[in-house]
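To start, the structure under review is shown below, and the notes come after it.
FYI, it's all coordinate maths here, none of it is from the lab. Keep in mind it's a predicted model, so treat the numbers as computed, not measured. Don't worry about glycine lacking a Cβ; one is built from the backbone with ideal geometry, like all the others, and counts go over all protein chains shown.
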């Protein structure tokens with residue numbers, strides 16, 4: 001997992017050199033002191049009020065609403081010493097497949113004027129490699145984790161979920177039904193019946209929290225989300241990246257080794273926000289909303305649109321500790337708006 005500065009989009013010279021304090025402040029409930037005068041007695045009462053940032057995805061509770069997206073945070077271990085894990089609600093691992101995968105041919109990443117195209121191709125050590133090499137280190141990190149599960153058939157998913165059900169340290173699974181960088185005629189989440197059938201099957205094999213990640217590349221994202229919810233999903237994660245293509249006009253070749261890939265970053269934020277709002281207003285299910293989130297204002301938009309939690313992705317490649325800034329921004333906003341619980345904002349867009 002390589003973190004690098006995306007020169008066209010981001011400029012963080014001061015942050016790239018910054019060092020975390022030895023004892024960074026945790027993202028625990030903070031105390032705000034509100035002055036309240038009792039004029040009849042002419043003395044000051046101090047009312048202590050806690051600020052809650054914790055959210056729930058069904059029974060899966062997170063200390064903050066920030067989830068680091070799969071593929072942008074490695075397996076967590078790689079970022080020890082670079083991030084303040086206490087500001088992160090959970091990290092999502094790279095997607096695990098039954099067998100190890102080398103991924104797609106390079107180039108795998110191309111930066112455009114307004115976003116980033118990638119075609120990693122689910123590079124991972126496979127299920128056994130994950131259990132032996134990655135999981136022991138993952139569970140020692142001071143942060144909750146979500147294991148992303150992928151495959152090419154129902155049997156692939158079932159085999160992984162059955163195996164992970166025996167790992168007590170794992171609380172939640174993200175079913176990646178929407179990777180744009182693998183050669184399949186159709187992704188599971190592009191068909192409501194396929195989505196329902198797969199999630200229903202996996203629900204029978206596990207009691208862990210199931211988060212289903214779906215693609216935005218469908219005619220009706222609401223019907224896909226509803227199929228996942230009806231089949232037993234505890235939460236819906238949207239959106240994954242959009243299909244994208246870039247061509248070098250001098251060589252006449254695509255910029256990515258696999259021709260096309262997934263498009264992410266700030267350019268897709270309005271599109272992703274609309275998808276989250278669509279699902280939230282039609283289906284009663286916790287939503288992990290993401291797509292182009294870079295700061296607290298972006299995060300608040302997604303929460304107002306109906307997301308219970310938010311997912312940060314591309315920004316992690318530039319500034320791995322971005323969750324710290326987002327948490328601070330959330331607290332500042334809540335203090336300014338006199339809001340004590342982040343959940344009060346959910347679906348609060350005024351129309």
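Modelled this way, with points 7 Å down the Cα-to-C-beta line, the labels at residue 185 and residue 344 are 5.3 nm from one another.
Subtract the Cα-Cα distance of residue 220 and residue 260 from 0.36 nm times their separation in residues, and report this length gain in nm to one decimal. Display every interim value, and only then the final one.
Numbers: separation 40, 0.36 × 40 = 14.40 nm, distance 2.30 nm.
Taking residue 220 through residue 260 to full extension adds about 12.1 nm, to one decimal.
Extending 7 Å from Cα along the Cβ direction at residue 274 and again at residue 203 yields two label points whose distance is 3.0 nm.
Full-extension gain between residue 137 and residue 337, please, as 0.36 nm times their residue separation minus the C-alpha to C-alpha distance.
Numbers: separation 200, 0.36 × 200 = 72.00 nm, distance 3.99 nm.
My answer for the length gained is 68.0 nm.
Efficiency by 1/(1 + (r/R0)^6): what FRET value for residue 168 and residue 282, r their Cβ-Cβ distance, R0 = 22 Å, to the nearest 0.05? Don't skip to the answer; put the middle values down first.
Values: r = 36 Å, r/R0 = 1.62.
According to the calculation, E is roughly 0.05.
Neighbour counts of C-beta atoms inside 10 Å place 212, 327, 222 in the sequence 222, 327, 212, starting with the fewest.
By other beta-carbon atoms within 10 Å, ranking 335, 94 with the fewest at the front produces 335, 94. With a/c under 1.5 counting as rounded, go ahead and sort region 53-345 into rounded, prolate or oblate using the C-alpha gyration tensor (a ≥ b ≥ c being the square roots of the eigenvalues; past the cut-off, prolate if a/b is larger than b/c, else oblate). Note, shape of region 53-345 comes out rounded. Of all DSSP-defined beta bridges confined to region 53-345, some 40% are antiparallel rather than parallel.
Placing dummy labels 7 Å off each Cα toward the beta-carbon, the span from residue 249 to residue 351 is 4.0 nm. Note on region 85-191: Cα-only Rg and Dmax are 14.9, 45 Å.
Under the 0.36 nm per residue contour assumption, what length would be gained going from the current alpha-carbon distance of residue 113 and residue 50 to full extension? Display every interim value, and only then the final one.
On the way: separation 63, 0.36 × 63 = 22.68 nm, distance 4.24 nm.
Contour length minus Cα-Cα distance gives 18.4 nm.
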